[in-house]
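K.L.:
One structure follows; several queries about it will come next.
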């Protein structure tokens, strides 16, 4: 009996150790879910208000997101990188779909999934909409289209 429970404990310890080894590199590189949520929250905090973005005559990226959305969290470093690269040329507006104040915009821009990236030109016309996990190269192409 004793040998069986010791073997079970060793097996559990081994499994936990392997999980830690597999998880550690992702966390060390800043790819943990927590770091994605922190980046998402920072983007939302630093984003320009919708009304200001529409009025200032610059192209705009509207990101419809939710804090609980793991794809939104995973995409946040890509959005941050592009927002930094195009900082003076494109507005970034973050709209949390869980906040009822954005219900009208969720309907206006026909949000069907999150994250939804709606690209608006300087005249407030929708140029493109992307939903879900989008490669950075595709996002960058749309940013380039907006500024040219």
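K.L.:
Give me the distance in nm between label points sitting 7 Å out from Cα along the Cα-to-Cβ direction at residue 134 and residue 87, one decimal.
P.N.:
2.2
K.L.:
Right, another one. Can you compute the FRET efficiency between residue 147 and residue 68 using 1/(1 + (r/R0)^6), with r the Cβ-Cβ distance and R0 = 22 Å? Round to the nearest 0.05.
P.N.:
Details: r = 32 Å, r/R0 = 1.46.
So, using R0 = 22 Å, E works out to roughly 0.10.
The numbers here are math on the coordinates, done by the rules we state, and not lab data. Note that this is a predicted model, so its numbers are computed, not measured. Cβ atoms come from the backbone with ideal geometry, glycine included; neighbour counts cover every protein chain shown.
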